[in-house]
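Here is the structure we will look at, set down as structure tokens.
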Amino acid sequence: MVRKLSPAAEVARLLKQLAKKLDLKVSARSKNYSMGDHVSVDVHSGLDQNLKQFRDQASIYKYGHFNGMEDIYVSSNSRDDIPQTKFLFIQDNRPDGRLGNG
């Protein structure tokens, strides 16, 4: 029996594929919980310009943002044609904090 991935797990999988195309080394994981989910991506190596492009392209997978002034989540980018996650965290963990190993 084939196990169906959650939308957040699907986003993590797609982001790993995108990172590979951009020559970035990343690890990505998803977490599902009551009232939401998130995807965390740790970037281990790659060029600044590739990381910027990765961040730009990855933003389509986040379906909204948190409005802290009103303490609400706003679905401002919701799409039905792709899997999406509530929160997307991209952490730059490259050794020198800028250029990494690539």
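The values are calculated or read from the model by the stated rules, or taken from the named source; none is laboratory data. Model, not experiment: these values are computed from the prediction. SASA here: full protein model, heavy atoms, side chains in, ligands and nucleic acids out. Shrake-Rupley method; radii C 1.70, N 1.55, O 1.52, S 1.80 Å.
Restricting to region 6-35, name every residue that is on the phi < 0 side of the Ramachandran plot and either at pLDDT below 95 or of a type in the set (S, T, Y) (or both).
S6, S27, S30, Y33, S34
I'd like the residue in region 81-100 that is part of a loop (DSSP other than H, G, I, E, B) and open to solvent by less than 60 Å² (accessible area, probe 1.4 Å) and, out of all such residues, is farthest from L18 (Cα to Cα).
The residue in question is G97.
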